[in-house]
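In what follows, a structure is listed as structure tokens, so that the remarks can point back to it.
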Amino acid sequence: MVSFEGLIAHNKRLSILLFFLLLLLLGGLGASVSYWWGGEWYTGVIVATAVAVIYFLFSWFAGASMILSMSGAREIRHEDAPQLWNVVEELSIAGGLPMPKVYLIEDSAMNAFATGRDPEHASVAITRGLMEKLNREELQAVMAHEMSHVRNFDIRFAMLMAVMVGSIVMICDMVFRSVFFGRRRSSRSSDGGKGQAVMAVVALVLAILAPLLATIIQLAVSRQREYLADASAVELTRNPAGLVSALRKLSGDPNELQRASRGTQHLYIVNPLRKMKQGRNSLFSTHPSLESRIERIEGLSLARA
């Protein structure tokens with residue numbers, strides 16, 4: 001039994017630690033590849049960072065609109081769904097946040113997500129199935145979870161993590177291309193040549209392992225941010241029972257979201273791919289199991305009692 005303040009602080013610290021591990025992985029990969037190709041290690045770090053920055057700028061300006069378009073979401077106004085709009089507006093005021101854009105996905109599956117780069121440029125999306133199958137208390141809890149992703153800057157953090165993983169994959173692809181197409185490397189002294197050979201092995205090993213390690217780290221962060229959003233939603237609504245009830249309804253939903261993909265599955269409140277919803281936590285889970293999330297929320301409820 002812990003307080004939601006303690007759980008929020010713990011999850012933030014762990015997320016930051018995992019991010020720095022990913023940053024070290026990116027820098028180490030860039031340094032080893034550069035040295036293997038005959039350059040200086042710091043040149044590789046600079047190039048790897050530049051690749052990540054370019055990727056990040058593209059995601060910063062176009063990422064959210066692409067995600068919403070891929071998800072089949074359409075922007076709505078108050079008159080389209082008055083109860084949903086009022087709930088989001090109430091949570092915005094309670095959380096001290098700007099009113100986000102609200103989107104509806106025409107799908108019978110029960111799900112929702114938030115995206116954007118900051119609270120001033122945020123959007124929340126919900127499926128019609130979720131909107132129609134939840135009562136107001138449950139709807140408020142789900143939207144509080146999504147607004148917590150906005151409030152905690154998880155939407156930006158998720159974007160940054162995706163950029164880091166994407167950059168690592170791009171650099172690894174460059175390594176494999178250089179191996180198969182025989183990129184020439186500059187000659188060094190005898191001692192330098194030995195060092196270059198060692199770094200060639202290191203670069204190849206990292207090229208094989210880095211995408212897997214980066215994905216594992218990204219998914220670990222994703223799971224921690226879901227726990228964090230649950231705790232923050234309880235803090236915002238002061239109603240853990242509403243979120244527990246909503247998650248239990250979500251766990252029993254037999255439908256799979258049609259427009260969801262492996263690239264966007266981590267954004268949703270529960271994994272939208274039906275075959276990946278079941279089971280306990282694992283290294284390759286995008287979300288904590290619903291059972292463990294409910295257990296933690298109920299623990300928060302007991303701690304506050």
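Structural remarks
- Shown are ARG128, ARG262, ARG136, ARG293, whose ranking by accessible area with a 1.4 Å probe and every protein chain present, most to least, is ARG262, ARG136, ARG128, ARG293.
- Probing with 1.4 Å while keeping every protein chain in the model, the per residue accessible area of the chain equals 47 Å².
- By accessible area with a 1.4 Å probe, ligands and nucleic acids excluded, highest first: order of TRP41, TRP60: TRP41, TRP60
- Calculated mean residue ellipticity, 222 nm, the chain: -23000 deg cm²/dmol, from DSSP H runs (n ≥ 4) at -39500 (n - 2.57) each, averaged per residue and rounded to 500.
- PHE176 paired with TRP41, simple spin-label distance in nm, labels 7 Å along Cα-to-beta-carbon: 2.7
- Rounded accessible area of MET164 (nearest 10 Å², 1.4 Å probe): 10
- Its relative contact order, with pairs defined as Cα atoms under 8 Å and 6+ residues apart, puts the range 4-299 at 25 percent.
- Taking all protein chains as they are arranged and a probe of 1.4 Å, the heavy atoms of LYS101 leave approximately 110 Å² accessible to solvent.
- To the nearest ten degrees, helix 290-304 and the longest principal axis of the Cα atoms of the chain are 60 degrees apart.
- On the chain, 61 percent of the accessible area sits on carbon and sulfur atoms, based on a 1.4 Å probe.
- Pairs of lysines in the range 4-299 (C-alpha under 29 Å apart; 8 or more residues apart or interchain): 11
- Exposure ranking of GLU40, GLU132 by accessible area [1.4 Å probe, largest first]: GLU132, GLU40
- Net length gained if the chain between LEU17 and GLU106 were fully extended (0.36 nm per residue, minus Cα distance): 28.2 nm
The values are calculated or read from the model by the stated rules, or taken from the named source; none is laboratory data. If you're wondering where the values come from, they're calculated on a predicted model, not measured in any experiment. A quick note on method: Cβ atoms are made from the backbone with ideal geometry, for glycine too, and the neighbour counts reach across all protein chains shown. Surface accessibility is based on the protein's heavy atoms, side chains included, excluding ligands, DNA and RNA. Shrake-Rupley method; radii C 1.70, N 1.55, O 1.52, S 1.80 Å.
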